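Q: First, the structure itself, so that you have it in front of you.
The values are calculated or read from the model by the stated rules, or taken from the named source; none is laboratory data. Predicted, not measured: the structure shown is a model, and the values here were computed from it. Here the Cβ is made from the backbone with ideal geometry for all residues, glycine too, and neighbour counts use every protein chain on show.
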Amino acid sequence: MIYLDNNATTQVAPEVFEAMQPYLENCYGNPSSAHALGRKMRSAVERARADVAELLGASDANEIVFTSCGSESDNWAIGGFLEQNPNRRHIITTRVEHEAVRNLCEHLAQIGSEVTWLEVDQNGEIDLDDLRRALRRDTGLVSVMLANNETGVLFPVEEIGRIVRENSDAVFHVDGVQAVGKIPIDLRAWPVDLFAVSGHKFHAPKGVGALYIRGGIQLPPFIIGGGQEGGRRSGTEAVPNIVALGRACQLARQFTGHETVRGLRDRLEDEILARFPNARLNGVADRSRRLANTSNISFAGLEGSDILAMLDDAGVCVSTGSACNAGSQDVSAVLRAMKLPFPIARGSIRFSLGRYNTGQEVDQTLAILSEIIRGSVAQTSVCD
Ligand code: PLP
């Protein structure tokens, strides 16, 4: 199997598995227990919190709260803010957010919030003047993603944060889920108040995430109960997952292979665009404004789902957009927002590479893809 779907989820790193294993076996205490086993769990949780804080460049580990996933972190940040500030119901977000933000904001609009949706251009980028124009005295919250899950396009969150600070009292939430582990994050320096993280996107298991809450920002508890996580999210801590997230953060800090991943992605992208006349890149062409692991490419006139199925038969895992869209007949909302013509949008495939991919896998993928695309194009013209 060749796994090129790392924006959907990643393999648990062997080092992460090794770190969490004792916590599934002998280290089963409750971090709230006063005895030695409980204390051991508590210190493992706090070590992991410090590791997450260090990766994000947070100034205080207590700004990190463990959650179950990125969606929870996004929901808590946005929903919690509105619960805390019922009179500041104007929200600004973008058309290309992940469903965890987009669908939540649509829901909030239905129940009384006013949402301004920032449009993107054909490259998937926003116009910062649109943001300036949208900010109002009563804007409560601005939520944008750092890296787009479908195209890899990066939003300039540091600059966005400055604009938000200079023009409003709004709180600034960043969905950092696709960026953590892929690009440097510096929350000490960036004007960001809330920041969502998901472990399974960077080699921790599914079921753990985190929300960074800048000191001084008040959110109501996400879960009310025994007062864990400083009373902010009750429920006995998922210690094995939390330990795993901490170890994944250590590995991300130590990872030196970003240029290798970038080189593999560049080769895959360059070769596809050179070999297939009907292939076109979705997302800004300037690679410094995209994640180094992601290529979203449309094969005009073909169905992305057909290509995906044929690649799957040949053992290559890719995606036709957000993983959450799989099985749906709809063209991805992100590509729609980029105003891609329908025949191009529906022929899109997302290749997302990771640290375990090799040059040989890229070569094999290109060979398999050549057969598929040539076969499909030939078949299309016969049928037509
Ligand atoms: N935000 C972005 C940008 C994502 O890509 C995803 C998952 O694909 C999420 C949020 C949701 O994360 P999770 O799967 O951990 O709920």
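Q: What is the number of the single condition among (1) within 23 Å of G283 (Cα to Cα); (2) surrounded by 22 or more Cβ atoms within 10 Å (Cβ to Cβ); (3) in contact with a Leu (Cβ under 6 Å, 6 or more places away or on another chain); (4) β-branched (V, I, T) that I126 does not meet?
A: (2)
Q: Please state which one of K201, K182 is touching a helix residue (DSSP H, G or I) at 6+ places or on another chain (Cβ under 8 Å) and closer than 20 Å to N75 by Cα.
A: Among K201, K182, only K201 is touching a helix residue (DSSP H, G or I) at 6+ places or on another chain (Cβ under 8 Å) and closer than 20 Å to N75 by Cα.
Q: If you don't mind, another one. Could you check how many residues of the stretch 4-18 are surrounded by fewer than 22 Cβ atoms within 10 Å (Cβ to Cβ) and either more than 16 Å from the ligand (Cβ to nearest atom) or in a loop (DSSP other than H, G, I, E, B) (or both)?
A: The qualifying residues number 9.
Q: Filter the stretch 93-123 for residues that are without any contact (Cβ under 8 Å) to a residue 60 or more places away in the chain and in a helix (DSSP H, G or I); which is farthest from the chain's Cα centre (by Cα)?
A: If we take residues in the stretch 93-123 being without any contact (Cβ under 8 Å) to a residue 60 or more places away in the chain and in a helix (DSSP H, G or I), then Q110 is farthest from the chain's Cα centre (by Cα).
Q: Then there is this: When only residues in the stretch 65-92 that are assigned to a strand (DSSP E or B) and surrounded by 24 or more Cβ atoms within 10 Å (Cβ to Cβ) count, which is nearest to the ligand (Cβ to nearest atom)?
A: T67
Q: Okay, moving on. Search the stretch 223-252 for residues being of a type in the set (A, V, I, L, M, F, W, C) and in contact with an Asp or Glu (Cβ under 7 Å, 6 or more places away or on another chain), and hand back the single one that is nearest to W76 (Cα to Cα).
A: Looking at residues that are of a type in the set (A, V, I, L, M, F, W, C) and in contact with an Asp or Glu (Cβ under 7 Å, 6 or more places away or on another chain), I get C249.
Q: Let me confirm something: among A292, A274, which residue is of a type in the set (A, V, I, L, M, F, W, C), modelled with pLDDT of 95 or more and touching a His at 6+ places or on another chain (Cβ under 7 Å)?
A: Of the residues listed, the single one that is of a type in the set (A, V, I, L, M, F, W, C), modelled with pLDDT of 95 or more and touching a His at 6+ places or on another chain (Cβ under 7 Å) is A292.
Q: Being surrounded by 21 or more Cβ atoms within 10 Å (Cβ to Cβ) and out of contact with any Lys or Arg (no Cβ under 6 Å at 6 or more places or on another chain) is the filter here; which residues of the stretch 285-294 pass it?
A: R290, T294
Q: Something else: Does D186 satisfy being in contact with a Phe, Trp or Tyr (Cβ under 6 Å, 6 or more places away or on another chain) and away from the ligand (no atom under 16 Å from the Cβ)?
A: Answer is no for this residue.
Q: How about the stretch 252-270: which of its residues are in contact with a Gly (Cβ under 8 Å, 6 or more places away or on another chain) and part of a helix (DSSP H, G or I)?
A: Scanning the stretch 252-270 gives A252, V261, L264, R267.
Q: Of all residues being assigned to a loop (DSSP other than H, G, I, E, B) and surrounded by 24 or more Cβ atoms within 10 Å (Cβ to Cβ) in the stretch 194-216, which is nearest to the ligand (Cβ to nearest atom)? Just the residue, please.
A: My answer is V208.
Q: Would you tally the residues in the stretch 326-384 being in a loop (DSSP other than H, G, I, E, B), exposed (fewer than 12 other Cβ atoms within 10 Å of the Cβ) and at pLDDT below 95?
A: 5
Q: Taking the stated definitions as given, is E159 farther than 20 Å from Q218 by Cα, touching a helix residue (DSSP H, G or I) at 6+ places or on another chain (Cβ under 8 Å), acidic (D, E) and not in a loop (DSSP other than H, G, I, E, B)?
A: It is true that E159 is farther than 20 Å from Q218 by Cα, touching a helix residue (DSSP H, G or I) at 6+ places or on another chain (Cβ under 8 Å), acidic (D, E) and not in a loop (DSSP other than H, G, I, E, B).
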